[in-house]
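**Q** The structure follows.
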Amino acid sequence: MGIALHKLAIVAFVGFVSVAQAAEVPLAQIHFNELDGVSSWRSGGEATVFVKDRMGQWYKAELAETCMSLDTKKGISFLTETDPDTKVKTSKVTVDHHICIVTSMSKVPSPAVPKP
């Protein structure tokens, strides 16, 4: 019985540490709702998407997951949500009914066009 409780305590501690580490993931400082709309986008890899606003400025958005490896043929959507309690903004990318959190977004020059 003592060993089972010890194992349970270790599992609970590991779960607590994992939640605490997830809370430390930095979120984007630039958000989609601050852009002048998104006129186009381009994949930059499995967890990166480049977006172009209507003024022609490109941004590189790094994602917490590999959303860009999903089916993007039907398009993707960009949104920013504000937590009503903390007022913290979180930008997200939706691909094929899957939501990925943007961990960072920064202005960049036009991304290179991938070669076929």
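**Q** Please determine, by comparing only the residues of the range 75-87 that are closer than 18 Å to Trp41 by Cα and under 14 Å from the mean Cα position of the chain (by Cα), which one is surrounded by the fewest Cβ atoms within 10 Å (Cβ to Cβ).
**A** Initially, the range 75-87 is screened for residues closer than 18 Å to Trp41 by Cα, giving 75-80.
Add one more test, that the residue is under 14 Å from the mean Cα position of the chain (by Cα), and what stays is 76-80.
Values: Ile76: 21, Ser77: 12, Phe78: 19, Leu79: 14, Thr80: 16.
Checking each candidate, the answer is Ser77.
**Q** From the list Thr90, Thr66, Thr103, which residue is surrounded by fewer than 15 Cβ atoms within 10 Å (Cβ to Cβ) and in contact with an Asp or Glu (Cβ under 8 Å, 6 or more places away or on another chain)?
**A** Numbers: Thr90 fails: surrounded by fewer than 15 Cβ atoms within 10 Å (Cβ to Cβ); Thr103 fails: surrounded by fewer than 15 Cβ atoms within 10 Å (Cβ to Cβ).
Testing whether each residue is surrounded by fewer than 15 Cβ atoms within 10 Å (Cβ to Cβ) and in contact with an Asp or Glu (Cβ under 8 Å, 6 or more places away or on another chain) leaves just Thr66.
**Q** Every residue in the range 50-82 that is touching a strand residue (DSSP E or B) at 6+ places or on another chain (Cβ under 7 Å), over 20 Å from Lys107 (Cα atoms) and part of a loop (DSSP other than H, G, I, E, B), please.
**A** Result: Glu65, Leu70, Thr72.
**Q** Any residue at all in the range 97-107 that's part of a loop (DSSP other than H, G, I, E, B) and modelled with pLDDT under 95? Quick ask: steps written out before the conclusion?
**A** Residues of the range 97-107 part of a loop (DSSP other than H, G, I, E, B): 97.
When the remaining residues are screened for being modelled with pLDDT under 95, the result is 97.
Checked against the condition, which is being part of a loop (DSSP other than H, G, I, E, B) and modelled with pLDDT under 95, the range 97-107 yields at least one hit.
**Q** Given Ala28, Ala47, which one is surrounded by 15 or more Cβ atoms within 10 Å (Cβ to Cβ), at pLDDT 95 or above and either closer than 12 Å to Met105 by Cα or under 13 Å from the mean Cα position of the chain (by Cα) (or both)?
**A** Numbers: Ala28 fails: at pLDDT 95 or above.
Being surrounded by 15 or more Cβ atoms within 10 Å (Cβ to Cβ), at pLDDT 95 or above and either closer than 12 Å to Met105 by Cα or under 13 Å from the mean Cα position of the chain (by Cα) (or both) holds for just one of Ala28, Ala47, which is Ala47.
**Q** Right, Pro111: more than 13 Å from Ala47 (Cα to Cα), touching a residue at least 24 places away in the same chain (Cβ under 8 Å) and outside any strand (DSSP E or B) or not? Explain how you work it out, then say what you get.
**A** Working: more than 13 Å from Ala47 (Cα to Cα): yes; touching a residue at least 24 places away in the same chain (Cβ under 8 Å): yes; outside any strand (DSSP E or B): yes.
When the stated conditions are applied, Pro111 passes them.
The values are calculated or read from the model by the stated rules, or taken from the named source; none is laboratory data. Since this is a predicted model, take the numbers as computed values, not measurements. Note that each Cβ is placed from the backbone with ideal geometry, even for glycine, and that neighbours are counted across all protein chains shown.
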